[in-house]
Amino acid sequence: MLEFLKALRRDPGDGGQAGSTPARPDVTPKAGVSFAKPLIFDRVGRKFGRTSALNDVSLDIPPGEILCLLGPSGCGKSTLLRIAAGVERPTSGRVLLDGEEVAGPSRFVLPEKRGIGLMFQDYSLFPHLTVVQNVAYGLRDLGRAEARREAMMALDRVGLDAYAGRYPHVLSGGEQQRVALARAIAPRPGVLLMDEPFSNLDSRLRDRMRDDTLAILRETGATAIVVTHDSEEAMRMGDRIALLRDGRLMQLGSAEELYVAPNDIFAARFFSDLNEIPARVTAGRAETPLGSFEADGHADGSAVVVCIRQRDLKLLPAGEGTSARIVDRRFLGDVLLVELAVAGLDRPIFLRPPGDAPPPGTETGLGVAANAPLIFAGQGASAQ
Ligand SMILES: Nc1ncnc2c1ncn2[C@@H]1O[C@H](COP(=O)(O)OP(=O)(O)OP(=O)(O)O)[C@@H](O)[C@H]1O
């Protein structure tokens, strides 16, 4: 907690950059503009005893970029974020902030000297301080009146200026999230680090807060790293996504790049609901009960997994495409999830039709949309 609080403080050695005050807008006050800084992780590693939390992670984050760190629980996302913040030290590699080494073999800059804003999933608000006092906490290097004015501006930006005098315990989860965001942006950090900032919110509120936060990040212009385990969140927020697994960077790219061309089945599973059909390659093609697909780059005789996204399958009139029987039909709100049995496949096939679907027991046809399936090397697969 202490380090977190210190890290919230304005960097006194930044030459006034991060704290310079732009002319006050005439109409609606906006979030203060940050001087975005580039951040580089250079072959960063972190061991905890025998656990390797991070292995040789290299990332080059240009000023103003919003990068999402995505991956399953325990893959090292928070550790990387904490290393950037300076509340954790790397055991190998270096971190460079604005071209200057802030963590490495020869140098370690304390969190409060890095000019970085932090926001954690529990928000870490001080219960004994009012909302405006919480937000002004990181602005103590300013005079009292100036700190309050800046804090009010940040509160106004998150729509909570009317709550300035309240205490955190009377606020809803969403309001607390916004106070934490106001506190993080108030010192106008060059880099903003957010660890699962929406995970405590229910799904509807999460959507709204995500959009609002994204707008605020764009407005401040700060370089931002957002940790999440939710691929949709990463796709909505990130200019780029860094996908981690077991402490390694598996893939880095835009949402579209990772969705369309995942490096491996792990990445593919993260971004899509897949039907995975084991097959063997014959004459350059993977043969499955749902069709024969080009298997470029896979040797004849090799085992592969043909991955077809649920939304890339379509129901056809009986007698067309592959014969299938509807086993179940579940209403998921915006979409239906239809389960089908297909002769020759041990496992059911799932699809999400754009419209309605016939009831269970109906014989139907099944087709694969124009998009080619993703095909990855498989193990021990046999043609079905
Ligand atoms: N202080 C610590 N001491 C020992 N092991 C740690 C420590 N911090 C992290 N680890 C281990 O390092 C690995 C990565 O942890 P980290 O918290 O970075 O993962 P994560 O991807 O953020 O997970 P989650 O999404 O569950 O928060 C895990 O195996 C974790 O148990």
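Read the figures in this text as sums done on the coordinates, not as results from a lab. All of these numbers come straight from a predicted model, not from anything done at the bench. In this analysis, Cβ positions are derived from the backbone assuming ideal geometry, glycine residues included, and neighbour counts consider all displayed protein chains.
Can you work out the base-10 log of I(q)/I(0) for the range 272-377 at q = 0.16 1/Å, using the Debye formula on its C-alpha atoms alone?
Here the Debye-derived log intensity ratios amount to -0.67.
May I ask for the angle, rounded to the nearest 10°, between helix 173-185 and the longest principal axis of the chain, with both axes built from Cα atoms and the value confined to 0 to 90°?
60 degrees
Return E294, E150 ranked ascending by Cβ neighbour count within 10 Å, so the fewest neighbours appear first.
E294, E150
Calculate how steeply helix 144-157 sits against the longest principal axis of the alpha-carbon atoms of the chain, using the helix alpha-carbon long axis, and give the answer as 0 to 90 degrees to the nearest 10.
Once rounded, the angle reads 20 degrees.
How do D334, D122 rank when sorted from fewest to most other Cβ atoms within 10 Å of their own Cβ?
Result, fewest neighbours first: D334, D122.
Could you calculate the contour length gain from A343 to T362, that is, 0.36 nm times the residue separation minus the distance between their Cα atoms, to one decimal place in nm?
Between A343 and T362, full extension yields 5.4 nm more.
Taking each pair of different alpha-carbon atoms in the chain once, compute 1/r for the pair, average those values, and report the inverse of that mean as the Kirkwood hydrodynamic radius in Å to one decimal.
Evaluated over the chain, this radius sits at 23.2 Å.
Kindly list the residues of the range 236-263 that lie in the label zone of T91, defined by a backbone N under 17 Å from the point 7 Å along the Cα-to-C-beta vector.
From the range 236-263, the list is 246-249.
Within a 10 angstrom radius of the beta carbon, how do R330, R183 rank from fewest other beta carbons to most?
With the sparsest Cβ surroundings first, the list reads R330, R183.
Distance from the Cα centre of the range 192-215 to that of the range 282-353, in angstrom?
Centre-to-centre distance over Cα atoms comes out at 35 Å.
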